[in-house]
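One structure is given here, and the rest of the page talks about it.
No value in this document is a laboratory result; all are computed from the given coordinates. This is a predicted model, so every value here is computed, not measured. Glycine also receives a Cβ, built like all others from the backbone with ideal geometry; neighbour counts cover every protein chain displayed.
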Amino acid sequence: MSLPLQKEVLNMTKKVGFGIIGAGAISAFHASSMANLENVKLLGFYDPVKAAAEKRAAEFNCKAYDDFEAFLADQEIQAVTIGIPTGLHGKVAIQAANAGKHILCEKPLEITPGRCDEIIQACEENHVLLATVFQSRFTESVQKVKDAADAGRFGKMILSSAQVRWYRDADYYGKSPWRGTWKMDGGGVLINQSIHTVDLLLYLNGDPAEVSAFAGTLTHDIEVEDTLCAAVRYKNGSMGTIEVSSSCAPGFPRRLEFSGSKGSVTIEEDQIVRWSFTEPQPGDESVATRFDGNAGGGSNPTNIRPDSHSVQIKDLADAILNGGTPILDGVEGKRAVSFIHGIYEAARTGKTVVFH
């Protein structure tokens, strides 16, 4: 179908046909997030394991594909979500772009900045949209902090810290051998479990200027790090630390703290537990709540809200239908991967890495 005709069909139906690439655990969250969206219709799952595709398709009443070329040839599928091992994102995304499919890719976009660039270029050349999944940006707590930062309520930002003290047992890596490898995972706890947190640091505090880091594999039989600590100086002059591990039993909530010359905020998982400013505003007293104890992904990698991806799926569909661009495009996806690669380089060399 030609692009003008495809656009005409989209405008008539006001729904974008989506296909899901990969029938693993995350695919159920993608599908559930589509269920109540008026501008989206889920049409099928692709997985090379036929039984896996058929199982998901039966759950969500759509087609199953174990032939990728047949999946891409389905003209009703106008956009795809990608939820497969990270080291395969580039190959699959480029094939999808070449087939004229718009793309929502799970984090990380790819395992290196260069491979992110290849995806971005393929999408640009084929005139298709590319969005990267970072659903944590769209929680109410993060949006409140972002609004406060944009309004200057922190004054001069002084310190930021991020802690991801999670726990993953041996089965987590054993059942999915691609995890914990450089080739397919791109690294360990930093790029896999902690990339959402890294993205929030960039989103709320801006780009890094330089970083130093230590990394180690302390408890798991894997080739990549299960623990890492970094010290960062940001381009806005503030400083901060990043502490991440998949070895901290029993697993704890993600914690983010931001402190400025006029105020400080602490987020545990998706809840604001401290909200304190030297220049109070109406409603401030009701923002912070007592933490409810939900450790999020601390000990359970599938502890995700069923509709957690709805905002970004709807956003991509709106952009397709109305000729816009996604809130979180491929360049934003590459941004987090580039920061992480700088941290890895600092840990590997023992030298401070300067970002340009």
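Here S176 and A73 are evaluated by their C-beta separation; at R0 = 41 Å the FRET efficiency comes out at 0.90. FRET efficiency for the D307 to K351 pair, using the beta carbon distance and R₀ = 51 Å, is estimated at 0.70. Looking at the stretch 175-257, the trypsin sites (Lys or Arg not before Pro) that sit in a DSSP loop and have at most 11 other Cβ atoms within 10 Å of their own Cβ are K175. Shown here is the pair-distance distribution of the chain: with all Cα-Cα distances grouped in 10 Å bins from zero up to the longest one, the shares run 5, 24, 32, 25, 12, 2, 0 percent. Judged by the mean number of other Cβ atoms found within 10 Å, the most tightly packed of the peptides 15-21, 85-91 leads the ranking 15-21, 85-91. Shape analysis of the stretch 159-219 yields a ratio of the Cα radius of gyration to the Kirkwood radius, Rg/Rh, of 1.01. Exposure proxy ranking for C229, C123, based on other Cβ atoms within 10 angstrom of each Cβ and starting from the fewest, stands as C229, C123. Dividing the summed helix terms, -39500 (n - 2.57) for each DSSP H run of n ≥ 4, by the number of residues in the chain produces a 222 nm estimate of -10500 deg cm²/dmol to the nearest 500. Using the alpha-carbon positions of the stretch 37-176, Rg (one decimal) and Dmax (whole number) come out as 18.9, 55 Å. Based on C-alpha pairs under 8 angstrom that are at least 6 apart in sequence, the chain has a relative contact order of 20 percent. Could you tell me what percent of the DSSP beta bridges with both partners in the chain are antiparallel, to the nearest 5? Antiparallel bridges make up about 60 percent of those DSSP assigns within the chain. Across the stretch 137-299, the relative contact order, built from alpha-carbon pairs under 8 Å that are at least six residues apart, equals 30 percent. Residues C248, C116, ranked from the fewest to the most other C-beta atoms within 10 Å, line up as C248, C116. With a simple spin-label model that places each label point 7 Å from the Cα along the Cα-to-Cβ direction, the separation between Q143 and L88 comes to 3.4 nm.
Rg and Dmax, both from the Cα atoms of the stretch 137-299 and both in Å, are 16.7, 52.
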